[in-house]
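The values are calculated or read from the model by the stated rules, or taken from the named source; none is laboratory data. Since the structure is predicted, the reported quantities are computational estimates derived from the model, not experimental observations. We place every Cβ from the backbone using ideal geometry, glycine too, and count neighbours over all the protein chains shown.
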Amino acid sequence: MKLRTLFAASLAAIAMSASAQTHLEGAEYYKADQLDNAKELLLRNLNNAGTDKAIANYYLGLIAIDENKLDEAQKYFEAGVQANPNYGYNYIGLGSMALKKGDKKAAEDQFKKGEGLIKKDAAAEIAIARAYYDADPVLYAKEIEKRVAKARKINLQAPAIYIFEGDQEKDKKNWGGAAGKYEMAKSYDANATEAYVKYANLYTQVNPQYAITMLKELLSVNPTSALGQRELANAYYNKKDYADAAREYGVYVKNPNHFKQDEDRYAFLLFFSQDYKNGYDYATQLLAANPGNFTARRYQFMNAANLPEMAEQLVPMAEELLAAHNANPAANKFAAIDFNLIADEFSRAKRVDEAIAVLQEGIKEMPENANFNKQLAMAFVEKEDFSGASDTFEGFIAKTDEPGYNDFIQQALFSYYAGIENKQKQDQAKADSYFNKAKENINKAAAILPDNYKPKKMLGDIAMQYATSDEEVKSAAFPMYSEAAALLEQSSDTSRYKADAKTIYNYLGNYYLDQKDVAKAKECFNKYLQYDPDNESYRKFVEGLKD
């Protein structure tokens with residue numbers, strides 16, 4: 001029984017040590033030159049059980065020096081001395097601060113005090129060398145050289161020596177030389193986390209696979225390193241391997257030493273790698289912990305919009321997201337996708353005016369985004385406001401570097417129906433303006449695809465709008481429709497143009513009937529039947545025609 005109790009206690013101690021957050025994680029980030037992250041972790045864990053406050057204050061002091069907050073640095077170093085007067089590095093920190101102030105004598109006194117407590121430690125000599133280097137590498141070149149030589153004499157295989165020399169090479173932009181030094185450091189001490197990370201950072205942008213290989217090696221030695229997990233996830237991200245980046249972030253965000261801002265990137269990666277269900281579940285989990293997490297609310301909605309089973313909940317989610325944005329637009333900013341998805345849901349719910357308002361805000365916030373104009377034009381069409389559609393789509397074309405055939409045809413259609421709309425309102429001047437705009441875009445489309453029938457057919461449609469009587473309508477489109485028919489006959493893909501072809505050939509057939517030319521009328525009507533062969537009533541009509 002006693003043995004079982006001891007065994008259980010041992011397991012509890014192991015579990016506690018595995019999840020404990022102390023100064024060690026912050027020190028790792030500091031040594032890897034990630035000072036903001038180091039500061040956050042050191043302050044977060046300063047009062048945790050297991051944190052050595054002398055060490056934590058030493059690194060916080062070094063960070064304060066880097067931030068040029070020398071009074072703050074002094075407070076940290078003095079707090080470190082108070083926590084443990086026998087921890088010599090805080091005296092080295094005070095010496096570093098004195099050098100920054102230009103007091104070399106005071107610095108050397110502090111270095112001497114620190115050395116006396118640490119006793120033949122190569123890492124301490126390198127810490128002093130760094131103090132000189134950070135103060136002025138040229139002025140203190142001899143002192144730097146002396147301290148590195150002393151460190152080598154104490155322990156030639158101390159990784160701190162090679163990491164410092166690697167940093168010096170990196171400052172000279174000698175990337176290969178720096179990588180070689182970092183590789184030596186980790187070969188002498190497999191637990192020198194910063195050596196792996198510094199090496200990986202040299203390559204993460206130019207050759208991410210080098211970085212990935214090195215970081216995997218780090219995690220094989222220290223699998224719980226939050227720094228290693230985070231850097232590996234970022235290396236995959238830089239490689240644009242988003243699925244693997246999401247997988248590694250999934251490991252990292254479970255580490256108690258992860259950063260809250262990285263939860264947002266994980267949520268983004270789950271969405272971007274199309275892992276919508278896990279993305280939705282993760283964002284929902286973040287929202288449960290913090291209902292005010294705007295980013296989590298965004299990604300919850302984005303992922304839900306891609307899950308068919310969530311269809312019924314999308315409008316309420318869109319409303320909540322929009323309300324959170326409207327409550328504080330400066331802090332709760334939308335990306336283009338937010339405006340688009342919310343507008344989509346409102347449109348589907350037949351709440352077109354709300355969709356229009358969302359898209360108009362999108363245009364105001366991101367005026368260069370042409371797709372907002374395109375989507376807004378379609379919203380106006382749903383509202384049967386073709387003038388609004390024409391005016392808005394005109395903005396899409398203006399913002400598009402190289403509008404294509406379909407873009408010009410679409411604008412021409414919107415303008416054509418806007419012309420009819422205004423003609424029905426008895427506003428002939430506006431109608432003419434839109435019809436002319438339609439013609440301009442038709443001609444631009446025809447210049448791109450001169451062999452396509454559509455521009456000719458549309459010009460015929462516009463010609464009919466200017467006819468002043470039913471009799472005039474019968475012949476107004478004839479020249480343009482005839483040209484359209486000739487172009488249609490050159491096309492091999494008849495099914496694609498079925499509706500337009502039927503309109504053209506029916507019109508031409510009736511034109512020839514009116515001209516008493518039954519043979520040509522039947523020829524046109526038979527061509528109509530090629531596009532609608534099952535129309536028996538039409539076939540009987542044609543067969544009943546007599547010359």
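Each row is one residue, and each column tells you yes or no for (1) under 18 Å from Asn506 (Cβ atoms); (2) of a type in the set (S, T, N, Q).
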| residue | (1), (2) |
| --- | --- |
| Glu421 | no, no |
| Gln426 | no, yes |
| Ile462 | no, no |
| Lys474 | yes, no |
| Ser495 | yes, yes |
Restricting the first residue to the stretch 126-151 and requiring it to be at negative phi, which pairs with a second residue that is outside any helix (DSSP H, G or I) and of a type outside the set (S, T, N, Q) meet a Cβ separation below 8 Å and a spacing of at least six or different chains? Ile126/Ala158; Tyr132/Tyr140; Tyr133/Tyr140; Ile144/Pro137; Ala151/Ala158
Tell me, which residue of the stretch 204-219 that is within 23 Å of the chain's Cα centre (by Cα) and under 17 Å from Gln34 (Cβ atoms) is surrounded by the most Cβ atoms within 10 Å (Cβ to Cβ)? Ala211
Within the stretch 324-430, helices (runs of 4 or more DSSP H) holding 2 or more residues that are within 30 Å of Asp451 (Cβ to Cβ): 370-382, 386-399, 405-424
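Quick grid of which residues meet (1) modelled with pLDDT under 95; (2) farther than 25 Å from Val206 by Cβ; (3) assigned to a loop (DSSP other than H, G, I, E, B):
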| site | (1), (2), (3) |
| --- | --- |
| Gly250 | yes, yes, no |
| Asn257 | yes, yes, yes |
| Ala267 | yes, yes, no |
| Tyr280 | no, yes, no |
| Gly292 | yes, yes, yes |
Could you tell me which residue of the stretch 294-310 is nearest to Glu263 (Cα to Cα), considering only residues that are polar (S, T, N, Q) and assigned to a helix (DSSP H, G or I)? Thr295
Just one of Gly177, Gly102 is surrounded by fewer than 17 Cβ atoms within 10 Å (Cβ to Cβ) and in a helix (DSSP H, G or I); which is it? Gly177
Of the candidates Asp532, Asp500, the one satisfying the condition of being without any contact (Cβ under 8 Å) to a residue 60 or more places away in the chain, under 23 Å from Glu421 (Cα atoms) and among the acidic types (Asp, Glu) is Asp500
Would a scan of the stretch 497-510 turn up a residue that is surrounded by 14 or more Cβ atoms within 10 Å (Cβ to Cβ), over 56 Å from the mean Cα position of the chain (by Cα) and either in a helix (DSSP H, G or I) or not aromatic (Phe, Trp, Tyr) (or both)? yes
Mind checking which residues of the stretch 254-275 are of a type in the set (Phe, Trp, Tyr), crowded, with 19+ Cβ neighbours inside 10 Å and more than 20 Å from Leu41 (Cβ to Cβ)? Phe268, Phe271
Residue satisfying condition, being surrounded by 15 or more Cβ atoms within 10 Å (Cβ to Cβ), polar (S, T, N, Q) and within 19 Å of Ile128 (Cα to Cα), within set Gln157, Gln168: Gln168
Could you tell me whether Ile118 is modelled with pLDDT under 95 and in contact with a Phe, Trp or Tyr (Cβ under 9 Å, 6 or more places away or on another chain)? yes
Over the stretch 219-242, the set of residues in contact with a Leu (Cβ under 8 Å, 6 or more places away or on another chain) and in a helix (DSSP H, G or I) is Leu219, Gly228, Gln229, Glu231, Leu232, Ala235, Tyr237, Tyr242
Going through (1) under 17 Å from Met480 (Cβ atoms); (2) over 56 Å from the mean Cα position of the chain (by Cα); (3) surrounded by 17 or more Cβ atoms within 10 Å (Cβ to Cβ) one by one, Ala521 fails only at (1)
Select from the stretch 131-171 the residues that are touching a Ser or Thr at 6+ places or on another chain (Cβ under 8 Å) and within 17 Å of Lys112 (Cα to Cα) and list them in ascending order. Ala131
Matching residues, the stretch 123-134, being surrounded by fewer than 22 Cβ atoms within 10 Å (Cβ to Cβ) and of a type in the set (A, V, I, L, M, F, W, C): Ala123
Quick one: is Glu169 closer than 30 Å to Asn68 by Cβ and free of Cβ contacts under 8 Å to residues at least 24 places away in the same chain? yes
Only one of (1) of a type outside the set (Val, Ile, Thr); (2) within 25 Å of Glu382 (Cα to Cα); (3) in a helix (DSSP H, G or I) fails for Ala447. Which number is that? (2)
Neighbours by Cβ (under 8 Å, 6+ apart or cross-chain): first from the stretch 454-476, of a type in the set (D, E, K, R); second not in a helix (DSSP H, G or I): Asp461/Ala477
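For (1) basic (Lys, Arg); (2) within 45 Å of the chain's Cα centre (by Cα), each residue gets a yes or a no:
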residue	(1), (2)
Ala49	no, yes
Leu60	no, yes
Asp66	no, yes
Asn84	no, no
Asn90	no, yes
Asp109	no, no
Gly114	no, no
Lys119	yes, no
Glu125	no, yes
Considering Tyr199, Tyr236, Tyr203, Tyr252, which residue is closer than 14 Å to Lys31 by Cβ and of a type outside the set (D, E, K, R)? Tyr199
By residue number, the members of the stretch 24-75 that are of a type in the set (Val, Ile, Thr) and over 22 Å from Tyr132 (Cα atoms) are Thr51
